[in-house]
1. Please go through the stretch 105-138 and give me each residue that is modelled with pLDDT of 95 or more and either among the polar types (S, T, N, Q) or not assigned by TED's automatic domain parsing to the domain that holds V169 (or both), ordered by number.
2. Report, ordered by the first and then the second residue, all pairs with beta carbons closer than 6 Å, sequence separation of six or more or different chains, a first member in the stretch 152-172 that is within 21 Å of P68 (Cα to Cα), and a second member that is surrounded by fewer than 18 Cβ atoms within 10 Å (Cβ to Cβ).
3. Considering only the stretch 138-180, state which residues are touching a Leu at 6+ places or on another chain (Cβ under 6 Å) and at positive phi.
4. Condition (residue is out of contact with any strand residue (DSSP E or B) (no Cβ under 9 Å at 6 or more places or on another chain) and of a type in the set (S, T, N, Q)) applied to the stretch 92-113: is it met by at least one residue?
5. If you go through the stretch 136-150 one residue at a time, do you hit one that is surrounded by 14 or more Cβ atoms within 10 Å (Cβ to Cβ) and under 30 Å from K75 (Cα atoms)?
6. For T104, state whether it is free of Cβ contacts under 8 Å to residues at least 60 places away in the same chain and over 16 Å from R165 (Cα atoms).
7. Here is a list: V119, V129, V169, V114. Which entry is surrounded by 12 or more Cβ atoms within 10 Å (Cβ to Cβ) and either within 25 Å of the chain's Cα centre (by Cα) or more than 22 Å from E87 (Cα to Cα) (or both)?
8. Return yes when K75 is modelled with pLDDT of 75 or more and either in a helix (DSSP H, G or I) or basic (K, R) (or both) and no when it is not.
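The values are calculated or read from the model by the stated rules, or taken from the named source; none is laboratory data. From a predicted model like this one, the values you see are computed outputs, not experimental measurements. Note that each Cβ is placed from the backbone with ideal geometry, even for glycine, and that neighbours are counted across all protein chains shown.
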Amino acid sequence: MSDISGDALIAQALANAGAGDKPAKKGGLLATAMPIAILTLVAIGGGAGVGWLVGSSSMERAEDALKPREEAVEKAAAQEKGESPDEVVKLQSIITNIATPPQTVVRLEASLVVHKKEVENAEVLAGQVQNDTVAFLRTIDLAQIEGARGLLHLKEDLTERAKLRSPAVSDYLIQSLVAQ
């Protein structure tokens, strides 16, 4: 056993605990302010760098965004004069079978909107687009063209194919679509 009594041990423990409450100061305010100042400068530099990189391309995009407005104003002025830069070319009715389900036939009536100045013979272009449309319709499933969303996807796909055939095509208009 020990020679120290319980009261002496408690007094010694309290004295040791009192001495541990006062930690030694290390650096003070300068040690805290210096890293904060450095991190602030790094953040400002990083933000300026990102702003410089992104800002230059966004200005170019803003200028490019104004071009369609100018073209729209020119088209509106031409339409007021009675001139139209576009022409609607009606395609012949397309009747073809589709991939699935078997024995399903689709009838499509559509038109193309083409720029008059960019196409020499709109009827030849209409025939080529009609052949592309038949080839595309033979690869689709009936489930792909069901509903409003399916019709929208079909229109987008056919418009994209027509624009690949000729950049003079500006839109593909579907008048009717019947599946039997």
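1. Hits for the stretch 105-138 are S111, Q128, Q130, N131, T133.
2. Every condition considered, the pairs that remain are A168/H115; A168/E118; V169/K163; S170/V113; D171/V113.
3. Selection gives nothing.
4. Pass one, the stretch 92-113, residues out of contact with any strand residue (DSSP E or B) (no Cβ under 9 Å at 6 or more places or on another chain): 102.
Then drop every residue that is not of a type in the set (S, T, N, Q), which leaves none.
No, that holds for no residue.
5. We begin by selecting, within the stretch 136-150, every residue surrounded by 14 or more Cβ atoms within 10 Å (Cβ to Cβ); these are 136-137, 140, 142, 144-145, 150.
Checking which are under 30 Å from K75 (Cα atoms) leaves us with none.
Checked the stretch 136-150: no residue is surrounded by 14 or more Cβ atoms within 10 Å (Cβ to Cβ) and under 30 Å from K75 (Cα atoms).
6. Numbers: free of Cβ contacts under 8 Å to residues at least 60 places away in the same chain: no; over 16 Å from R165 (Cα atoms): yes.
No.
7. Details: V119 fails: either within 25 Å of the chain's Cα centre (by Cα) or more than 22 Å from E87 (Cα to Cα) (or both); V129 fails: either within 25 Å of the chain's Cα centre (by Cα) or more than 22 Å from E87 (Cα to Cα) (or both); V114 fails: either within 25 Å of the chain's Cα centre (by Cα) or more than 22 Å from E87 (Cα to Cα) (or both).
Exactly one residue qualifies, and that residue is V169.
8. Values: modelled with pLDDT of 75 or more: no; either in a helix (DSSP H, G or I) or basic (K, R) (or both): yes.
The answer is no for K75.
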